[in-house]
Amino acid sequence: MKLSGGEQQRVAIARAVISRPEILILDEPTASLDGDTGRMIISFVKEKVLNEHRCILIVTHDARINEYADRILHMEDGRLTATDQGA
């Protein structure tokens, strides 16, 4: 059985969450996902990780994730350009 890109991405995220790292780093976690699935995955990750007082660092171009962030850092050409408080 072959998994789609979105399915592979969801499996990878679930594996990362259950391994319980102190800091969970996600690189474009919603890239292969539709909007509803992306929101569901980010909500799941935030609930599971933050309930255990762990940290999530998300690197993304997907501005829809901003509503889940406590802090947003903007970078351009490798330089920090702005810092915002999230939701």
Once all Cα-Cα distances of the chain are split into 5 Å bins that start at 0, what whole-number percent is in each one? 3, 13, 25, 24, 18, 12, 4, 1, 0
Would you grab the residues whose amide H sits under 5 Å from the one on residue 24? Only those 5+ places off in sequence or on another chain, please, with H modelled 1.01 Å from N. 55, 56, 57
So in the chain, what percent of DSSP beta bridges are antiparallel if you round to the nearest 5? 55
Accessible area of the chain belonging to carbon and sulfur atoms, whole % at 1.4 Å probe: 52
Using each residue's phi in the stretch 50-66, evaluate 6.51 cos²θ - 1.76 cosθ + 1.60 at θ = phi - 60° and report the 3J(HN,Hα) Karplus result to the nearest Hz, with x for Gly and Pro. 6, 4, 9, 6, 10, 10, 10, 10, 10, 9, 7, 9, 7, 5, 5, 6, 3
Percentage relative contact order, the chain, counting C-alpha pairs under 8 Å, at least six apart: 25
How many nm is it between the label spots at residue 37 and residue 57, if each spot is 7 Å from the Cα in line with the beta carbon? 2.7
What's the magnitude of the charge dipole for the stretch 1-48 around its Cα centre, counting Lys and Arg as +1 and Asp and Glu as -1 at the beta-carbon? Answer in Debye, nearest 20. 200
With every protein chain present, what is the per residue accessible area of the chain (1.4 Å probe, Å²)? 72
Stretched fully, the stretch from residue 80 through residue 20 gains (0.36 nm per residue minus C-alpha distance, one decimal, in nm) 18.7 nm
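The values are calculated or read from the model by the stated rules, or taken from the named source; none is laboratory data. These figures come from a predicted structure and were not determined experimentally. For neighbour counting, all protein chains shown are included, and Cβ atoms are generated from backbone atoms with ideal geometry for every residue, glycine included. These area figures cover heavy atoms from the full protein model, side chains too; ligands, DNA and RNA do not enter into them. Shrake-Rupley method; radii C 1.70, N 1.55, O 1.52, S 1.80 Å.
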